[in-house]
2 protein chains.
Amino acid sequence: MTRLIDFCHLPQMEQQRELSPEERLAWLRLIRSENVGPITFFQLLGRFGTASKALEALPDLARKGGRKKPIRVCPAGEASREMEALLAFGGRMIAASEPDYPKALSMIADPPPVISLRGHAHLLNRDILAIVGARNASAVALRLTGQIAGGISRENIIVASGLARGIDTSAHRASLEGGTIAVVGGGLDYPYPRENEALQEEIYERGCVIAEQPMGTVPQARHFPRRNRIISGLALGVLVMEASPRSGSLITARMALEQGREVFAVPGSPMDPRAKGTNNLIRNGATLVEEAADIIDALESIRRRPLKEPDQPRLPFLDPVQPDEQELDRLRPDIITYLSPTPVEIDELIRLTGHPAATILTILLELELAGRIERHFGNRVSIVE
Amino acid sequence: MTRLIDFCHLPQMEQQRELSPEERLAWLRLIRSENVGPITFFQLLGRFGTASKALEALPDLARKGGRKKPIRVCPAGEASREMEALLAFGGRMIAASEPDYPKALSMIADPPPVISLRGHAHLLNRDILAIVGARNASAVALRLTGQIAGGISRENIIVASGLARGIDTSAHRASLEGGTIAVVGGGLDYPYPRENEALQEEIYERGCVIAEQPMGTVPQARHFPRRNRIISGLALGVLVMEASPRSGSLITARMALEQGREVFAVPGSPMDPRAKGTNNLIRNGATLVEEAADIIDALESIRRRPLKEPDQPRLPFLDPVQPDEQELDRLRPDIITYLSPTPVEIDELIRLTGHPAATILTILLELELAGRIERHFGNRVSIVE
């Protein structure tokens, strides 16, 4: 399929530097504002140059998108308090434009603009393997997870996982010595699951814990798929140990593929429902893994080449030049007509309407800020009913 | 690699017809004669036109190849007695040039010139799936074998296996209703293993039992790899259920690949040694199978296309014109010098020596009849120490 619009790396990424405290605060306010997700965040940054200017533009953009009551812009005080709580907790914040931000994560289509972390940040820019799997894993799978995580750990590969019960726990424990990264669904300081509180403490000390959500956030179901994109996004590849059909682990594997990362899977008996997901991954091209050496061999060649471009389109660059206001007003109703609750590719929308890409992207940005559309993986959007 | 000699289908195959009783007896005598294997058999037939003429030529060829004591030519009486015993047992013999001979088997590089069988011969020309696996299979694998064999049986696919304990037994039992073929390593009438005597009887009645060896032959270790090539040779594909490394089932899978047939394998936990073989097959390209539907889908597309040409070279056609005797005498020592106990490809030998293919093939034929060389898969030969 021919691309109708050009995609490029986020413009901010090109000149990596530490943000000033004021800039960092503005970044934090922007991503914590209503209806601002990672894609919108970077589009706003592209259009307005700085987070401060984007913050100023938010109310007007949302209103143009059809928002009746004013959009909630995160107040400076709230962002400051989040930052203070984070520092008091022993954590720090890294923005996507800063040198310490994980390079692999910066290359996904929707990197978190800021991450909170506590622990050893240097682990984030090492070679990382994500290990995911069932919470109700079999004893055999738990043992094998420990063996594999330990084995790759001894080869200086860092293990990333989600701190859940089952496979995640085994993976973290076996890699505490060599380096482990836990990506949590809620706030950095929220112990979840409770039974892993001690392990989480230990990873603060010896590994690294990362969160995208603000301090104190209670993890909810909707946070986990977003969390999973970070687990795979940090890594060269994702190993799926056991996974039943429609499990979160399979979502992580799908995200890994969309991010252009390797997928590894451990096979199992067809009589074991927890092997259905991994067997299916293997059938569809995932690398079959029986022991650590299988992964090390595969990663060896990946380490030597740059990360693959993700399968999903990169973020469309939003030109700093604002399209003509009258044209926006004229085309807005037309774009809305084309949208439905079924996600449609933005490329497709541009093709169907025949309107200029910059105009359509701007209208979509306004609609999103107004809370009228939702973004989906694969550069798709749907209307919010 | 460029082929230096032309390969073609066995010349006899082109005009399929029933052999006369005399011709059949001559075929049987020829394949039962000393040092005559399937490849030599068809080369002799190509050179001399009929089995009777080849029988006459045997002593002279063996002597030229360096044989001191006369080669043992199977006497007519012995072949007649084998045929009579077969008929008395309720069996029949089919030669590779006859219409009832299994078409798929005739396309392998070394089809048995004659097969003995008892039961329903029409099964041999249906769509066949071979199922092989461990004798000491797990209960779970035995159950799954029954499910899969039953499932494909109901789709009018015939199951072929080797009547061994474990997987074979489950595969035959589940396909008795729909059609099952047992290929035995010894004589058609030799019940092996003893515990499957009743099953073997039942397959005589309701399915089909095939043997390459003469009646009464006690199966020996060396018979099984040869038997395995028939199991895979009959089939569109081979399903490996469970297999430890270096097992007979893996040999069958390798033969299937050399014969250009599909290989299907059931995955298992890396912690189960009986899954090592199948997981490895999957890693190397075998189709991962969890249930009958997986195979049926795959076979559906195979059924619509002709059988693939085998990976290993087809038999070199041996021209009816005998190369010059003086040239043979002159080149024989040179060829022998090039041979060693390590198998070498005949193509390679032709390339290395630079001698005409027809001459080399004739010399190899003589050496084989003299018992001085052995043939191996992949059109290779080695010297017998």
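As a check on your grasp of the helix formula, calculate [θ] at 222 nm for chain B: sum -39500 (n - 2.57) over DSSP H runs of n ≥ 4, divide by the residue count, round to the nearest 500.
Calculated mean residue ellipticity at 222 nm is -13000 deg cm²/dmol.
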Rounded to the nearest Å, the spacing of the alpha-carbon centers of region A:76-143 and region B:216-250 is 53 Å
Tell me, what is the 1.4 Å probe accessible area of B:K69, in Å² to the nearest 10?
140 Å²
Indicate, rounded to the nearest 5 percent, the antiparallel portion of the DSSP beta bridges found entirely in the protein assembly as shown.
45 percent
With a 1.4 Å probe and every protein chain left in place, work out the accessible area per residue of the protein assembly as shown in Å², rounded to a whole number.
41 Å²
Go through region A:101-149 and flag every residue whose accessible area shrinks by 30 Å² or more with all protein chains in place compared to the isolated chain (probe 1.4 Å).
A:V140, A:L144
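Which GluC sites (Glu not before Pro) in region A:57-121 pass both tests, a DSSP loop state and at most 16 other beta-carbon atoms within 10 Å?
Qualifying residues, ordered by number: none.
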For B:P225, which inter-copy label distances result when the label point lies 7 Å beyond Cα on the Cα-to-Cβ vector, reported in nm to one decimal and in ascending order?
5.4
What residues have an amide H closer than 5 Å to that of B:R72, excluding those fewer than 5 places away on the same chain, when H is modeled at 1.01 Å from N in the peptide plane?
B:E34
Contact order relative to length for region B:116-302, counting C-alpha pairs under 8 Å separated by 6 or more residues, stands in percent at 23 percent
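For the protein assembly as shown, what is the Kirkwood estimate of the hydrodynamic radius, computed as the reciprocal of the mean inverse distance between distinct Cα atoms, to one decimal in Å? Let's see the in-between values first.
Working: mean 1/r = 0.0325 Å⁻¹.
By the Kirkwood definition, the hydrodynamic radius is 30.8 Å.
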Between B:E78 and B:L352, what FRET efficiency comes out of the Förster formula 1/(1 + (r/R0)^6) with R0 = 51 Å and r the beta carbon distance, rounded to 0.05?
0.80
Calculate the dipole size of chain B relative to its Cα centre from +1 charges on Lys and Arg beta carbons and -1 charges on Asp and Glu beta carbons; express the result in debye to the nearest 20.
620 debye
Using a 1.4 angstrom probe on protein heavy atoms only, which residues from region B:253-267 are buried by at least 10 Å² of accessible area when all chains are present rather than their own chain alone?
B:P267
What is chain A's relative contact order, in percent, from Cα pairs under 8 angstrom and six or more apart in sequence?
19 percent
Note the distances from B:R303 to each other copy's matching label point, with points 7 Å along the Cα-to-beta-carbon direction, in nm, sorted shortest first.
4.9
How many partner chain Cβ atoms sit within 10 Å of a residue's Cβ in peptide A:287-293, on average, as a whole number?
3
Once phi is turned into ³J(HN,Hα) by the Karplus curve 6.51 cos²θ - 1.76 cosθ + 1.60 with θ = phi - 60°, what whole-Hz value does each residue of region A:73-85 show in order, with x for glycine and proline?
8, 4, x, 4, x, 5, 5, 4, 5, 4, 5, 5, 4
Summing +1 per Lys or Arg and -1 per Asp or Glu among the other residues with Cβ less than 11 Å from A:T145's Cβ gives 0
Please work out which residue of chain A brings its Cβ closest to the axis of the rotation superposing A onto B, and round that distance to whole Å.
A:P267, 2
What part of the accessible area of chain A, given as a whole %, is carbon or sulfur when the probe is 1.4 angstrom?
50 percent
Placing the label point 7 Å from Cα along the Cα-to-Cβ direction, what are the distances from A:E195 to the equivalent spots in the other copies, shortest first, in nm to one decimal?
4.1
To the nearest 10 square angstrom, how much accessible area does A:M271 have with a 1.4 angstrom probe?
60 Å²
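Restricting to region A:116-302, what percent of DSSP beta bridges are antiparallel, rounded to 5?
15 percent
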Roughly what % antiparallel, to the nearest 5, for the DSSP beta bridges in chain B?
45 percent
Give me the net charge for the shell around A:E242: Cβ to Cβ below 13 angstrom, other residues only, Lys and Arg +1, Asp and Glu -1.
+3
With B:E155 itself left out, Lys, Arg at +1 and Asp, Glu at -1 over residues whose Cβ is under 13 Å from its Cβ give -3
Provide, as a two-decimal number, the C-alpha radius of gyration of region A:116-302 over 2.2 N^0.38 Å, N being how many residues it has.
0.92
Between A:F42, A:F89, A:F224, where does the largest GNM mean-square fluctuation fall for chain A, given springs only between Cα atoms within less than 10 Å?
A:F89
Probe 1.4 Å, protein heavy atoms only: B and A together bury a total accessible area in Å², to the nearest 100, of 1600 Å²
Keeping all protein chains in place and using 1.4 angstrom, which order do A:Y192, B:Y204 fall into by accessible surface area, from largest down?
A:Y192, B:Y204
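The values are calculated or read from the model by the stated rules, or taken from the named source; none is laboratory data. On a predicted model such as this, the values are computed, not experimentally measured, just so you know. Here Cβ is always computed from backbone atoms with ideal geometry, including for glycine, and neighbour counts include all displayed protein chains. Note: areas computed on protein heavy atoms with side chains; ligands, DNA, RNA excluded. Shrake-Rupley method; radii C 1.70, N 1.55, O 1.52, S 1.80 Å.
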